[in-house]
Amino acid sequence: MAVIIPHLRSSSARRRGLAVLLSVAAALTLAGLLFTSGIAYFLAGTVVMILLPLAIIELRHLYATFRAHDLAMREAHDGLWSWYPISKELNVGQRLLTLLGYTDNRIPDTHAWLELVHPEDRGHYNQTVARHLKGETPHFYCEYRVRADNGEYRWLASRGLTLRNRHGVGYLMAGSASDITERKASEENVRFLAHHDQLTGLANRLLLADALPQAMAHSKRQGQAVAVLFVDIDRFKDINDSLGHEVGDHLLTALAQRLRDNVRESDIIVRQGGDEFIIILPGITDVLQAHVITSKILNAIAQPVFAAGNELCVTASIGASFYPDDGVTTEILLRNADTAMYEAKGAGGNGVCFYTFQMNETIQRRVHIESGLRHAIEKNQLQLFLQPQIDIATRRLMGCEALLRWKNDEGQFVPPDQFIPVAEDTGLILPIGEWVIDRSIALLSAWRDAGLMLPQLAINVSARQLWIPGLTQRLLDKMAKAALPLSLLEVEITESVFLRSDDDSLLEIRQLTAAGVKLALDDFGTGYSSLSYLKQLPFDTLKIDRGFIKEIETGRGGGEPIVAAIIAMAKALGMQVVAEGVENSNQLDRLAQLNCHIAQGYLFSPALPDKEFALRYLQPETVGKAAQY
Ligand code: C2E
Ligand code: MG
Ligand code: MG
């Protein structure tokens, strides 16, 4: 027997075979010895009667074992194995070991084998084995990953059969295992190709059909929303028609990458076809989150793409719908996002439209502001108004603050308090801030050329503008190009600059002041009012927020002692103090008593359009005459 099944290295099987052979041999020898004696027949008969059934049972076992292994042999492609479910003993054939790169057998039992099975496949593997042992499956078949000696996982397809006793309990399972790693890889490749777009490598519609319901189910469990964004490139057809498909393809590939760069790992981007993309944002807890992402996407797409010697500038229109508010099926959500996208296109493109009608007003308003603001520069809707700053003691003009005004499509002035935060959140403050700098320099140049002298112009700079290095250099270059002295310029920042703890923003500001630009801390008293901030940058001016100035007059809220303290402190630190929002002479008188230097407010003038400001404050004859206001 041991010769017939040499591949069987089972010691228990060998032991059993040996026991049977010895039993039969002993019985026959005993029978021979007793042959001549009188009681020989009786004794021999008894012994044979006892031993023979045992021998037959063992022989059947052996035969069955042989059959199982024979079966396994015949079925085997690569490696062989046999396993005793009761003792958990495992025999792994040499070929299977070689296939996994092991030189010695380190897998003596179930425990050691399971250690090698990929953790993700262990559950499935154990289940398949258990079901087969229970007799639920006639054959054992399982595909799973096993760790090879080099640490990589190989895919194995194991198949086998079980031998059972007459109670149906399996006591031996044997079979083969073949390496299907390559087949799995090509299957994966086919699946990937079937679910992805060839050009961009993004998911395709087929994947969307699976992914969106999954995202909805998951978000439902978490009590969150899913945003569906329909992104369409504006006037893509023109590029394709005029520059050719290759350039069009290049553009789409570049844009696909930008989409990837601007969403989270867990978000899904699908190329719906042509120049249409669908983005699924699961786990949305606040519509604002989706708004921030759509802004990022619009900004990223608007950056130029270089293709075949062309610099292409495109924009996109985005429509958004939300699960569950705007629909609970894939079809409805996509249709509503599509409708919203057409709405965004209709509004001139380069914008986003949210489908939800019930969406709270703030968001609607923000979205409306954002889409209008995107076109504000090109439509010439921005203006700089100027508000004078007056020396309280001498009543002379000390300078002015440039304050941004936006007249929207409906011809209404939108207050900066409404649109500046949106511009900051959406990154639109970057082009807008640049416009403010350009316009300020243009005004300074024009006034200088006309012989009108202005002591100083203050511009507001948002913290966000300082996150990306370069503002200082651009500002200095532009001033140099216009041949304007840097001391003409003051930059107003707020304490929010200190909130993001990176030194780059502060470095930008230090370079600015080192070059000679003046620096003011705006709205002092409203934020953290931390004195430590005052020491971190070389401020020239401290602007007291108008909230405190208001309290001087009313006497409520303890404003006056605070103003007095701020003025004293600023003086001690060698800074100028500007009181903002001075509306009446009572306030001005109190400020004068408190030794405040400069006042700005409706008492003198609101912010004025540049021509009006120049007429009122920069008349050539007033220059040098120390005009009083
Ligand atoms: P701010 O820099 O503190 O500007 C002062 C604000 O107070 C201006 O509001 C001004 O019109 C208003 N104001 C002046 N005098 C009085 C007064 O006597 N009474 C009252 N009640 N208000 C007065 P505005 O122009 O609406 O600007 C609001 C804020 O928007 C500014 O506050 C500033 O933070 C921001 N902002 C304006 N222009 C720009 C800009 O070009 N860039 C940036 N980043 N922010 C800007
Ligand atoms: Mg200001
Ligand atoms: Mg202010």
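The values are calculated or read from the model by the stated rules, or taken from the named source; none is laboratory data. These figures come from a predicted structure and were not determined experimentally. When we count neighbours, we look across all protein chains shown, and the Cβ atoms used for this are built from the backbone with ideal geometry, even at glycine. SASA here: full protein model, heavy atoms, side chains in, ligands and nucleic acids out. Shrake-Rupley method; radii C 1.70, N 1.55, O 1.52, S 1.80 Å.
Couple of notes before you dig in:
- Listed residue (526, 208, 230) projecting farthest to the positive dipole end of the chain, Cβ model: 208
- Shape summary: the chain maps onto an equivalent ellipsoid whose semi-axes, from the alpha-carbon gyration tensor, are 87, 28, 21 Å in decreasing order.
- Here the Karplus curve 6.51 cos²θ - 1.76 cosθ + 1.60, taken at θ = phi - 60°, turns the phi angles of the range 240-249 into couplings of 4, 6, 8, 9, x, 5, 4, 5, x, 5 Hz, with x standing for Gly and Pro.
- Solvent-accessible area per residue for the chain (1.4 angstrom probe, square angstrom): 50
- Cα-based helix-to-principal-axis angle, 40-75 vs the chain, degrees rounded to 10: 30
- Residue ranges 408-414, 157-163 sort as 157-163, 408-414 when ordered by packing (mean number of other C-beta atoms within 10 Å per residue, highest first).
- Counting only heavy atoms of the protein chains and using a 1.4 Å probe, residue 453 has close to 110 Å² of accessible surface.
- Distance between the C-alpha centres of the range 179-202 and the range 446-460: 65 Å, rounded to the whole angstrom.
- Sequence of 83, 467, 406 when ordered by accessible area, the most exposed leading, probe 1.4 angstrom: 467, 83, 406
- Most to least packed among 457-463, 187-193, 54-60 [average Cβ atoms within 10 Å]: 457-463, 54-60, 187-193
- Within-10-Å neighbourhood charge of residue 298 [Cβ basis; K, R +1; D, E -1]: +1
- Fraction of antiparallel bridges per DSSP, the chain only, in percent to nearest 5: 75
- Highest mean first, the peptides 222-229, 110-117 sorted by other C-beta atoms within 10 Å per residue fall in the order 222-229, 110-117.
- FRET efficiency estimate (nearest 0.05) - Cβ-Cβ, residue 342 to residue 586, R0 60 angstrom: 0.60
- Placing 313, 142 in order of accessible area, with the largest value first and a 1.4 Å probe, yields 313, 142.
- Based on Cα contacts under 8 Å between residues 6+ apart, the range 433-502 shows a relative contact order of 41 percent.
- As a length-normalised measure over Cα pairs under 8 Å and 6 or more apart, the relative contact order of the range 196-357 settles at 28 percent.
- Label-to-label distance, residue 199 versus residue 478, with points set 7 angstrom from Cα along the beta-carbon direction: 3.8 nm.
- Across the range 534-539, coupling constants 3J(HN,Hα) worked out from phi with the 6.51/-1.76/1.60 Karplus curve, θ = phi - 60°, read 4, 8, 6, 9, x, 5 Hz, and Gly and Pro carry x.
- Test item: Cα-centred dipole of the range 196-357, Lys/Arg +1 and Asp/Glu -1 on Cβ, debye: 360
- Across 345/518; 379/481; 296/611; 237/379; 220/407, pairs whose alpha-carbon gap is larger than 32 Å: 345/518; 296/611; 220/407
- Summing Cβ point charges (Lys, Arg +1; Asp, Glu -1) relative to the Cα centre of the range 404-485 gives a dipole of roughly 320 debye.
- Relative to the Cα centre, the charge distribution of the range 337-472, modelled as +1 at Lys and Arg Cβ and -1 at Asp and Glu Cβ, gives a dipole magnitude of about 360 debye.
- Rounded to whole numbers, the Karplus 3J(HN,Hα) couplings from phi for the range 290-295 are 5, 5, 4, 5, 4, 5 Hz, using 6.51 cos²θ - 1.76 cosθ + 1.60 with θ = phi - 60°, and x at Gly and Pro.
- Under-5 Å amide H pairs with residue 118, H placed in peptide plane, nonlocal only: 145, 146, 147
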